[in-house]
Each structure stands twice: as C-alpha cells, then as structure tokens.
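Trainee: Have a look at this one before I ask anything.
The values are calculated or read from the model by the stated rules, or taken from the named source; none is laboratory data. What you are looking at is a predicted structure, and each value in this text was computed from that prediction instead of being measured. Here Cβ is always computed from backbone atoms with ideal geometry, including for glycine, and neighbour counts include all displayed protein chains.
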C-alpha cells in the first residue's frame, strides 16, 4: 500500500516537472525549510531516524542536488541546508504534503478504521507471529510443498 501511494505521489511530481526527487526525502526537506540548517543528528532526531540512516539519506539527497553541507560550529560538525534547487520547489512540496495528508484523511473517512490503526494492527500481528513463520506453517501443511532439494545425491 505504501509503495503504491509513493508511486502516485511521484507521478504528481513528474506531472509537475519535479525530477529526481524521492518521496522519502520530502519530510527532511520540509524540516530543513522550517527548522533551518541542521546537523545530521538534529535532522535525524527531528524525523525519528537513526544517525546512520539519516547520513545515508543526506548523502543521496546531496548527490541529487537537493541539499548541501556547510561547516558547523566546530571542525567535526556539518550543517545540512537546502540548495537553490530545493528552495525553488519547497513551497510546492509543502502544498503536496498538505494535499497528501488531506487525501489520507479522506480515504480514512471511507474506512471503518484509520490507516495508522490498520498499520499498527498488522505490525502487532507480525510481532505475535512473523510473516515468515506463517508462511512456513502453511507450507508444512501443504502436500504440494516438498521443500528444498536434498543435497544428498543418493536421495530421491
């Protein structure tokens, strides 16, 4: 579901001439717009991600031309800030974010539960028993499943 929604948002970007932007970068770009330049640690904390994950994301966004790094307050730190390319479209991204949130609320109004509640319920079910374990149990009960081929050349 999330992948399909991301693909549809990416289609909105493409239809409006926004090239080379991953939907997964928008939250961070908006945080930089409203919070100003931040260190990787500050940006990671603001979106509840690990430093490592944010570092990788910043590297990708920098390579794509959406952010740049500048010297921080000491020799070890760097600040991440928007490039002119990002600043030029950040208003559009904020509008898209608002429209996306409104569309999600509209979809939720048509459902007997919220998308967030659904995602939470699915995760809780997976914590009780993994998707892997559920598949393996069903395969064990299916006579058509004979399992992986044996490594023993003498086995049938």
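Trainee: When you check residue 121 against the structure, is it under 27 Å from residue 46 (Cα atoms), at pLDDT 90 or above, surrounded by fewer than 12 Cβ atoms within 10 Å (Cβ to Cβ) and not assigned by TED's automatic domain parsing to the domain that holds residue 19, yes or no?
Mentor: So residue 121 fits the description; yes.
Trainee: Restricting attention to region 90-118, and to residues there that are surrounded by 15 or more Cβ atoms within 10 Å (Cβ to Cβ) and closer than 18 Å to residue 35 by Cβ, which single residue is farthest from the chain's Cα centre (by Cα)?
Mentor: This residue is 90.
Trainee: Something else: In the list 70, 41, which residue meets the criterion of being modelled with pLDDT under 95 and in a strand (DSSP E or B)? Break it down stepwise before answering.
Mentor: Working: 41 fails: in a strand (DSSP E or B).
One residue alone meets the criteria, 70.
Trainee: I'm checking my understanding of the structure. Among residues of region 61-89 that are closer than 18 Å to residue 10 by Cα and in contact (Cβ under 8 Å) with a residue 24 or more places away in the chain, which one is surrounded by the fewest Cβ atoms within 10 Å (Cβ to Cβ)?
Mentor: Checked region 61-89; the qualifying residue surrounded by the fewest Cβ atoms within 10 Å (Cβ to Cβ) is 65.
Trainee: Take the conditions outside any loop (DSSP other than H, G, I, E, B) and touching a strand residue (DSSP E or B) at 6+ places or on another chain (Cβ under 8 Å) and apply them to residue 61. Does it pass?
Mentor: On the way: outside any loop (DSSP other than H, G, I, E, B): yes; touching a strand residue (DSSP E or B) at 6+ places or on another chain (Cβ under 8 Å): yes.
Yes.
Trainee: Out of everything in region 103-118 that is modelled with pLDDT under 90 and not in a helix (DSSP H, G or I), what residue ends up being farthest from residue 5 (Cα to Cα)?
Mentor: 112
Trainee: Kindly establish whether residue 17 is on the phi > 0 side of the Ramachandran plot, at pLDDT below 95, out of contact with any strand residue (DSSP E or B) (no Cβ under 8 Å at 6 or more places or on another chain) and not in a helix (DSSP H, G or I).
Mentor: Spelling it out, residue 17 is indeed on the phi > 0 side of the Ramachandran plot, at pLDDT below 95, out of contact with any strand residue (DSSP E or B) (no Cβ under 8 Å at 6 or more places or on another chain) and not in a helix (DSSP H, G or I).
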